[in-house]
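A quick write-up on the structure given underneath.
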Amino acid sequence: MASVKAMSRFLNHEQVTLPALIEPVQESIRVALLASPALVALVVHDWCMYGFNTHTSKTDRLQRTHKYDVGYDVGTALIVEAMHGQPLGPMELRCRTGNGVLSTRPGNASYPSAHVDEVMGVMADASRWQLGKPLVHVIDREADSVGHFRAWHAAGHQFVVRADNDRIVTWKGQSLSLKELQQQCADQYQASSLEVNSAQHGRCRVEMMETEVILERPARTWVGDKQKEIPGPALPLRLVLTRVVDDKQQVHAEWLLLTNVAASFDTATIAQWYTWRWFIESYHKLLKSAGMNAEQWQQESGDAFAKRLVIASMACLAVWHLQKDDSDEAARLKSILIRLSGRQMKHRVKHTAPALLAGLEKLLAIIDLLETQNLHEVIQLAKSTLPTFFSSA
């Protein structure tokens with residue numbers, strides 16, 4: 001109870017700020033990137049809703065689409081090393097509440113109407129991060145917006161965005177959708193060295209192709225209750241078409257990627273960067289059901305919740321570093337943590353981030369126990385009190 005009260009006081013202390021809390025994470029990212037041979041760093045953007053439908057004590061919850069869609073909407077800018085795909089940690093977190101946006105960015109962030117409108121603010125603030133490398137922003141289909149593409153490109157920001165099939169482009173003088181373009185190029189895909197292991201489909205290969213398209217149509221935006229068209233300059237972009245196929249040539253996944261990254265980065269590199277976007281999904285999973293169970297937290301304000309989220313991110317960062325550590329000591333520790341976690345690993349899978357996190361939580365509890373209790377006395381107490389479970393020998 002003393003620990004719970006101490007944490008509550010800490011999270012609600014007015015001098016404990018989000019920008020100060022995230023500084024250790026940011027410094028860890030800077031150090032890791034300094035040692036990386038990669039020419040750029042990837043900034044993966046994503047948003048995740050933390051549902052608190054029944055937590056009525058949280059009076060600043062945000063209601064989104066319907067009355068049961070209530071909680072805090074968290075946006076993350078996750079840094080990923082661009083050579084080997086190692087996730088390095090969140091450089092920025094934004095927590096959208098019913099009262100506004102709470103951010104690790106000094107001075108907080110604005111309250112835009114849509115997620116994609118937040119990206120320009122992150123891109124502009126990134127110059128303050130001092131990461132020492134050019135940044136490439138990787139975003140899912142939520143960011144497929146002509147107006148935003150033009151604004152980002154004009155400001156000198158590099159991006160890789162997954163596009164919708166119905167996006168209209170100009171290709172070789174034709175105006176057509178990306179789905180139609182994809183059909184015309186179906187026989188032009190080339191095999192690559194990239195492979196994907198799927199539990200359902202086994203080992204699949206990745207095929208890809210690249211071409212240039214031009215975005216010429218006006219951007220569309222809502223002004224009040226009416227949609228308005230905003231013309232803009234033609235924007236040439238690289239289109240990377242990627243698909244995952246099995247030995248029977250059956251397609252199991254495909255991505256249509258639009259990017260303004262220089263041609264010095266080849267097609268396979270662009271495709272690989274996008275596949276690493278999945279790490280941000282794993283990050284949210286670690287914070288939610290597979291690790292920290294953030295949707296069960298009892299903090300009564302978005303500010304305290306966001307602060308605890310930053311602290312929890314440090315644990316995720318520690319687990320990621322442990323996963324990438326190939327030393328003998330790290331291998332032994334990972335084996336111990338998996339045993340403590342009680343998780344069953346799949347065939348040929350030695351460890352997963354959620355299992356390591358669960359094992360780490362139990363290890364810390366054991367260490368805390370042994371600091372106040374004698375191990376021999378604990379064992380004898382267990383044997384005498386629960387003889388059914390423990391041998392008396």
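The values are calculated or read from the model by the stated rules, or taken from the named source; none is laboratory data. Remember, predicted model here, so these are calculated numbers, not experimental data. Neighbour counts run over all protein chains shown; Cβ positions are idealised from the backbone, glycine included.
Here are the numbers for the structure shown:
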item	result
Those strands (runs of 3 or more DSSP E) lying entirely in the stretch 212-286 with at least 3 residues closer than 23 Å to E81 by Cβ and in contact with a strand residue (DSSP E or B) (Cβ under 9 Å, 6 or more places away or on another chain)	235-245, 251-259
Any chance A82 is surrounded by 15 or more Cβ atoms within 10 Å (Cβ to Cβ), small (G, A, S) and in the same structural domain as V31 (by TED's automatic domain parsing)	yes
Selection from the stretch 38-63 of residues that are hydroxyl-bearing (S, T, Y) and buried (at least 20 other Cβ atoms within 10 Å of the Cβ)	Y50
Filter result for the condition that a residue is in contact with a strand residue (DSSP E or B) (Cβ under 8 Å, 6 or more places away or on another chain) and under 30 Å from I270 (Cα atoms), over P87, P37	P87
Checking V101 against (1) at pLDDT 95 or above; (2) touching a Pro at 6+ places or on another chain (Cβ under 9 Å); (3) β-branched (V, I, T), the condition it does not meet	(1)
E207 vs. criteria surrounded by 17 or more Cβ atoms within 10 Å (Cβ to Cβ) and of a type in the set (D, E)	yes
Test: residue in the stretch 184-191 that is in the same structural domain as M208 (by TED's automatic domain parsing), under 21 Å from A219 (Cβ atoms) and surrounded by 16 or more Cβ atoms within 10 Å (Cβ to Cβ)	no
Matching residues in the stretch 152-177 - criterion: being within 18 Å of E216 (Cα to Cα), out of contact with any His (no Cβ under 9 Å at 6 or more places or on another chain) and aliphatic (A, V, I, L, M)	A154, A163, I168, V169, L176
Checklist (1) without any contact (Cβ under 8 Å) to a residue 60 or more places away in the chain; (2) in a loop (DSSP other than H, G, I, E, B); (3) under 17 Å from W320 (Cβ atoms) applied to Q15, failing item	(3)
Count of residues meeting criterion [surrounded by 15 or more Cβ atoms within 10 Å (Cβ to Cβ), among the hydrophobic types (A, V, I, L, M, F, W, C) and closer than 10 Å to G147 by Cβ] in the stretch 216-248	1
Test: residue in the stretch 76-94 that is part of a strand (DSSP E or B), at pLDDT 90 or above and more than 22 Å from A315 (Cβ to Cβ)	no
Unmet criterion (only one of (1) farther than 24 Å from T104 by Cβ; (2) of a type outside the set (D, E, K, R); (3) touching a residue at least 12 places away in the same chain (Cβ under 8 Å); (4) surrounded by 11 or more Cβ atoms within 10 Å (Cβ to Cβ)) for M345	(3)
